[in-house]
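Student: Submitted below is the structure of interest, expressed as structure tokens.
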Protein chains: 2
Amino acid sequence: MDINRYSQINPPQRLLMGPGPINADPRVLRAMSTQLIGQYDPVMTHYMNEVMELYRKIFCTDNYWTMLINGTSRAGIEAILLSAICPGDKVLVPVFGRFGYLLCEIAHRCRAKVNLLETQWGTVFTPDQIEDEIKKIKPKFLLIVHGDTSTTMIQPLKDIGEICKKYHVIFYTDATASIGGNELETDLWGLDAVSAGMQKCLGGPSGTAPITISHQMKEIIRHRKCVEKGIRTVEHKDGDGEIIYSNYFDISMIMDYWGPERLNHHTEATTALFGARECARVILKDGLKKNIARHKLHGDAMLKGIQGMGLKLFGNIEHKMHNILGVIIPKGVNGEQVRKFMLEDFGIEIGTSFGPLHGKIWRIGTMGYNARKDCVLQTLACLEQVLNLVGFPMIPGAAVESALEHYSLENIHV
Amino acid sequence: MDINRYSQINPPQRLLMGPGPINADPRVLRAMSTQLIGQYDPVMTHYMNEVMELYRKIFCTDNYWTMLINGTSRAGIEAILLSAICPGDKVLVPVFGRFGYLLCEIAHRCRAKVNLLETQWGTVFTPDQIEDEIKKIKPKFLLIVHGDTSTTMIQPLKDIGEICKKYHVIFYTDATASIGGNELETDLWGLDAVSAGMQKCLGGPSGTAPITISHQMKEIIRHRKCVEKGIRTVEHKDGDGEIIYSNYFDISMIMDYWGPERLNHHTEATTALFGARECARVILKDGLKKNIARHKLHGDAMLKGIQGMGLKLFGNIEHKMHNILGVIIPKGVNGEQVRKFMLEDFGIEIGTSFGPLHGKIWRIGTMGYNARKDCVLQTLACLEQVLNLVGFPMIPGAAVESALEHYSLENIHV
């Protein structure tokens, strides 16, 4: 092995306009280059407390137990599901895209009795559909994705909490793709648990998963408490429930680490925590509502631009997330060739798709740091050139004009 | 909430001379401030391949399946144990410190039949002790910590692989605390799986766990393969074995993500990967052997200095890790007061202890970026002052002189 073959990290500049990860906010990357401190340094535990406070605002909740799981967004999902679901528990998962199947899959690995409710990709569920299925199945948990990037759809959750309350169902959502760029009201909507990720509208790198859990959910998890032998003392009492079949994802232990007990669990990923704190701080400094409005503005401008090109959109766009758009690949156009051209010659990444949509749609994101006018216009301008080169005719300049018209109607020029 | 109360991340400068995390190498932090690229960008998958190559050298192995788990070091442990152990499997865990109990705990949560073999904290096992227990228990897996920071001991593993082979036992070690600063020979010692962490001798921040698995271990895990429904196509065949009771830690799926299939699993924590790559690159540029020798040199200098102060060491120091030292808190000295003084007034962190050693020893580390002469001398100089202030008498200057004498004997002045 010739070690000199391995140079410093120096990737080409990419404009990431896919379903995420997107370019991280430079302020977040700077925060992440901060030198480390010890995990029980009072400065560190103070930062941990601040992270809890900041993410309560991001989740719109008063839940005390709002913290980070050290792993990517699916680590957040799995921590909640493994900590809450006992083998044999009945769960209902309404599935409207790939990440719904992921919830089924994780619940299955928790040995839950998993019930699927499916709808066509590109659509979402009505509250009635979900209520009917809850009445039929009588699940202990309802697990549902909020925004599923695979179809670009966002499931309205506003009325679901009330239904869950009525039938004593614990209500969880995966808000990885939606949080920060779309309305999400943990307390108002009656959610018992929400998990998220950094690499979409929050504008950070993948690797940390913010979660929040309600009092009711906390009780379920605390009932399964079990302290590690290596750090057990007489004061620590175990719960009466079935143990959690993971140490790393045992939220009861993670609570003892984030809470006033400060009982050792993992060694907090300090750099990731610094990044997560900065993501939340930057968003809240502008205001969460303003951040969501920014995602809507630029998402809509992208949509108008794509329509201006004469391209068709995928799914019921009334239920589209602000931050992602499914674009039907026109007949005769090789979708992968276009993506390759965009990436290699223009330095712009747009997304491919999963499962039944593979090869049928591109997914174009406008999120986090890249929910900006210049990103939208660059992407449209370059996509027009590439489509022109592969022989898809359109009115030159129409895409950018349509987007600019939208900005002008919204009176936002910068 | 007044968001202006939350300023930029700006912790005080600390010299971290505890059991880890330690100060990250500035080159690693710089690598981690690099802008992101897409997870299937050819540049990114090339970096992933390079990470595999670099960590093969760090683990001293030819194992193809050498990669990162996105989580802290115990995520690496849990990924291996959950992916390999089926409920009911018999495991043997020789325990010589707190992290041995952690292996028991995780194996218990995998629903293994867990057999402990214990020895007094501060000692390690002889190969005979382990062989006798293997003969008695006939386990499927031997799980053992390599270096346990709780006691500062390192378990010699050189002869254990041969024993495991003889009795058809799968051999795993947790090398979080030892790797990079102590000899570790994955292939030569017949290890089937090793996991590690970044925040000790590798000189990075906690948050990624490098792992390596042998062909034999790969076969066990592949047998349990199960592809997610959302991305399943006809070409993907499931194994015949029992499913793995975790999606996030399913190494068979993580292999499909790191391998040529590039099947989507989690979204790789790019920033953490950039950091992990730089840690390995920096070490290998100097040479792994030189890096281990550096840990020995500065660890020994610290030991001589502490002895020069008239302080006693904990445990059988013949089996001490190079990078960590247990120092018995002298009678009449309040250990926590000393640590607080050191941290708050001198900006230097030394470690406390767990379980039976709590309040009895300090743990002083010399590892990764902080395995340096200046770090050793600063720590000794300041500790002398603090001990003097709390009324523990010693010959002024003796500690630093003893350390300097060691450096001079080793002919290393810088």
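Student: I'm trying to understand the selection: among the residues of the stretch B:7-33, which are at the interface with chain A (Cβ under 7 Å from one of its Cβ atoms), part of a helix (DSSP H, G or I) and either aliphatic (A, V, I, L, M) or in contact with a Cys (Cβ under 9 Å, 6 or more places away or on another chain) (or both)?
Tutor: B:Leu29, B:Ala31, B:Met32
Student: Name the single residue, out of those in the stretch B:56-77 being within 8 Å of chain A (Cβ to nearest Cβ) and closer than 30 Å to A:Asn370 by Cα, that is surrounded by the most Cβ atoms within 10 Å (Cβ to Cβ).
Tutor: Only one residue fits best here, namely B:Gly71.
Student: Another one. Quick check on B:Lys320: is it buried (at least 23 other Cβ atoms within 10 Å of the Cβ), outside the structural domain of B:Met153 (by TED's automatic domain parsing) and under 24 Å from B:Ile283 (Cβ atoms)?
Tutor: Spelling it out, B:Lys320 is indeed buried (at least 23 other Cβ atoms within 10 Å of the Cβ), outside the structural domain of B:Met153 (by TED's automatic domain parsing) and under 24 Å from B:Ile283 (Cβ atoms).
Student: Of the numbered conditions (1) assigned to a helix (DSSP H, G or I); (2) more than 8 Å from chain A (Cβ to nearest Cβ); (3) among the hydrophobic types (A, V, I, L, M, F, W, C); (4) more than 16 Å from the chain's Cα centre (by Cα), B:Cys86 fails exactly one; give the number of that condition.
Tutor: Looking at each condition in turn, B:Cys86 falls short on (1).
So that you can scan it fast, the table gives a plain yes or no per residue for (1) within 14 Å of chain A (Cβ to nearest Cβ); (2) at positive phi:
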residue	(1), (2)
B:Gly180	no, yes
B:Trp189	no, no
B:Asp192	no, no
B:Ala196	yes, no
B:Ser214	no, no
B:Cys226	yes, no
B:Asn247	yes, no
B:Met255	no, no
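Student: Can you report the number of residues in the stretch B:34-55 which are part of a loop (DSSP other than H, G, I, E, B), in contact (Cβ under 8 Å) with a residue 60 or more places away in the chain and either facing another protein chain (nearest Cβ under 7 Å) or closer than 16 Å to B:Ile283 by Cβ (or both)?
Tutor: Residues flagged as part of a loop (DSSP other than H, G, I, E, B), in contact (Cβ under 8 Å) with a residue 60 or more places away in the chain and either facing another protein chain (nearest Cβ under 7 Å) or closer than 16 Å to B:Ile283 by Cβ (or both) within the stretch B:34-55 amount to 4.
Student: Then there's this: Take the residues in the stretch B:116-144 that are assigned to a strand (DSSP E or B) and closer than 20 Å to B:Ala79 by Cα; name whichever of them is farthest from the other protein chains (Cβ to nearest Cβ).
Tutor: Among those residues, the one meeting the criterion is B:Leu142.
Student: Specify which of the listed residues (A:Met255, A:Met302) is buried (at least 18 other Cβ atoms within 10 Å of the Cβ), out of contact with any helix residue (DSSP H, G or I) (no Cβ under 7 Å at 6 or more places or on another chain) and of a type in the set (A, V, I, L, M, F, W, C). Lay out the reasoning, then the answer.
Tutor: Values: A:Met302 fails: out of contact with any helix residue (DSSP H, G or I) (no Cβ under 7 Å at 6 or more places or on another chain).
One residue alone meets the criteria, A:Met255.
Student: So, in the stretch A:384-406, how many residues would count as being closer than 21 Å to A:Lys296 by Cα and either of a type in the set (Lys, Arg) or out of contact with any Gly (no Cβ under 6 Å at 6 or more places or on another chain) (or both)?
Tutor: Qualifying residue count for the region: 5.
Student: Is at least one residue of the stretch B:278-288 under 20 Å from A:Ala209 (Cα atoms) and either more than 10 Å from every other protein chain (Cβ to nearest Cβ) or touching a Lys or Arg at 6+ places or on another chain (Cβ under 9 Å) (or both)?
Tutor: Taking every residue of the stretch B:278-288 in turn, none turns out to be under 20 Å from A:Ala209 (Cα atoms) and either more than 10 Å from every other protein chain (Cβ to nearest Cβ) or touching a Lys or Arg at 6+ places or on another chain (Cβ under 9 Å) (or both).
Student: While we're on this one: Among the numbered criteria (1) crowded, with 21+ Cβ neighbours inside 10 Å; (2) closer than 30 Å to A:Cys279 by Cβ, which one does A:Pro156 miss?
Tutor: Condition not satisfied by A:Pro156: (1).
Student: Does the stretch B:317-331 include one or more residues that are within 14 Å of chain A (Cβ to nearest Cβ), touching a residue at least 60 places away in the same chain (Cβ under 8 Å) and closer than 30 Å to A:Ser33 by Cβ?
Tutor: Taking the stretch B:317-331 first, the residues within 14 Å of chain A (Cβ to nearest Cβ) are none.
No.
Student: Out of the stretch A:38-53, which residues are among the polar types (S, T, N, Q) and surrounded by 15 or more Cβ atoms within 10 Å (Cβ to Cβ)?
Tutor: A:Gln39, A:Thr45
Student: Let me ask something else about it. State yes or no: is B:Ala107 more than 8 Å from every other protein chain (Cβ to nearest Cβ) and either under 15 Å from B:Thr176 (Cα atoms) or more than 16 Å from the chain's Cα centre (by Cα) (or both)?
Tutor: yes
Student: Just checking, does the stretch A:135-147 include any residue being in the same structural domain as A:Leu82 (by TED's automatic domain parsing), in contact with a Phe, Trp or Tyr (Cβ under 6 Å, 6 or more places away or on another chain) and surrounded by fewer than 22 Cβ atoms within 10 Å (Cβ to Cβ)?
Tutor: Within the stretch A:135-147, the first condition is being in the same structural domain as A:Leu82 (by TED's automatic domain parsing), and the residues that meet it are A:135-147.
After this cut, where a residue has to be in contact with a Phe, Trp or Tyr (Cβ under 6 Å, 6 or more places away or on another chain) as well, the list is A:142-143, A:145.
Narrowing further to those that are surrounded by fewer than 22 Cβ atoms within 10 Å (Cβ to Cβ): none.
Checked against the condition, which is being in the same structural domain as A:Leu82 (by TED's automatic domain parsing), in contact with a Phe, Trp or Tyr (Cβ under 6 Å, 6 or more places away or on another chain) and surrounded by fewer than 22 Cβ atoms within 10 Å (Cβ to Cβ), the stretch A:135-147 yields no hits at all.
Student: Residue check: is B:Thr176 buried (at least 19 other Cβ atoms within 10 Å of the Cβ), outside any loop (DSSP other than H, G, I, E, B), of a type in the set (Ser, Thr, Tyr) and at pLDDT 95 or above?
Tutor: When the stated conditions are applied, B:Thr176 does not pass them.
Student: Given the conditions (1) buried (at least 18 other Cβ atoms within 10 Å of the Cβ); (2) assigned to a helix (DSSP H, G or I); (3) among the small types (Gly, Ala, Ser), and given that A:Ser353 satisfies all but one, which numbered condition is not satisfied?
Tutor: Only one criterion in (1) buried (at least 18 other Cβ atoms within 10 Å of the Cβ); (2) assigned to a helix (DSSP H, G or I); (3) among the small types (Gly, Ala, Ser) is unmet by A:Ser353, namely (2).
Student: Of all residues in the stretch A:1-48, count the ones that are in the same structural domain as A:Ile179 (by TED's automatic domain parsing) and farther than 30 Å from A:His265 by Cβ.
Tutor: The qualifying residues number 0.
Student: Conditions first: (1) free of Cβ contacts under 8 Å to residues at least 40 places away in the same chain; (2) within 11 Å of another protein chain (Cβ to nearest Cβ); (3) buried (at least 20 other Cβ atoms within 10 Å of the Cβ). B:Ile243 passes all but one, so which condition is the exception?
Tutor: Failed condition: (3).
Matching residues to (1) over 25 Å from B:Phe96 (Cβ atoms); (2) of a type in the set (A, V, I, L, M); (3) in a helix (DSSP H, G or I):
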{"residue": "B:Ile292", "(1), (2), (3)": "no, yes, yes"}
{"residue": "B:Met302", "(1), (2), (3)": "no, yes, yes"}
{"residue": "B:Leu311", "(1), (2), (3)": "no, yes, no"}
{"residue": "B:Val327", "(1), (2), (3)": "no, yes, no"}
{"residue": "B:Lys331", "(1), (2), (3)": "yes, no, no"}
{"residue": "B:Val338", "(1), (2), (3)": "yes, yes, yes"}
{"residue": "B:Ala381", "(1), (2), (3)": "yes, yes, yes"}
{"residue": "B:Gln385", "(1), (2), (3)": "yes, no, yes"}
{"residue": "B:Met394", "(1), (2), (3)": "yes, yes, no"}
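Student: Only one of these is surrounded by fewer than 24 Cβ atoms within 10 Å (Cβ to Cβ), touching a helix residue (DSSP H, G or I) at 6+ places or on another chain (Cβ under 9 Å) and either more than 30 Å from A:Asp2 (Cβ to Cβ) or of a type in the set (Ser, Thr, Tyr) (or both): B:Leu288, B:Leu297, B:Leu325, B:Leu263. Name it.
Tutor: B:Leu263
Student: For B:Thr233, work out the one condition from (1) at pLDDT 95 or above; (2) farther than 23 Å from A:Leu82 by Cα it doesn't fulfil.
Tutor: The failed condition is (1).
Student: Just one of (1) assigned to a loop (DSSP other than H, G, I, E, B); (2) in contact with a helix residue (DSSP H, G or I) (Cβ under 9 Å, 6 or more places away or on another chain) trips up B:Ile364, so point out which.
Tutor: (1) is the only condition that B:Ile364 fails.
Student: On to the next question. List every residue pair whose Cβ atoms sit under 6 Å apart, with the two residues 6 or more apart in sequence or on different chains, where the first one lies in the stretch B:348-371 and is within 10 Å of another protein chain (Cβ to nearest Cβ) and farther than 16 Å from B:His298 by Cα and the second, anywhere, is of a type outside the set (Phe, Trp, Tyr) and part of a loop (DSSP other than H, G, I, E, B).
Tutor: Close Cβ pairs satisfying both conditions: B:Glu349/A:Gly38; B:Glu349/B:Arg14; B:Glu349/B:Gly18; B:Gly351/B:Gly18; B:Gly351/B:Pro19; B:Phe354/B:Ser150.
Student: Checking the condition closer than 30 Å to A:Glu336 by Cβ and over 20 Å from the mean Cα position of the chain (by Cα), which residue from B:Thr119, B:Thr34 passes?
Tutor: Residue meeting the stated conditions: B:Thr34.
Student: Name, by its number, the condition in (1) within 16 Å of the chain's Cα centre (by Cα); (2) under 30 Å from A:Ala272 (Cβ atoms) that does not hold for B:Asp250.
Tutor: Every listed condition holds for B:Asp250 apart from (1).
The values are calculated or read from the model by the stated rules, or taken from the named source; none is laboratory data. Note that this is a predicted model, so its numbers are computed, not measured. With ideal geometry, Cβ positions are generated from the backbone for all residues, glycine too; neighbour counts draw on all protein chains shown.
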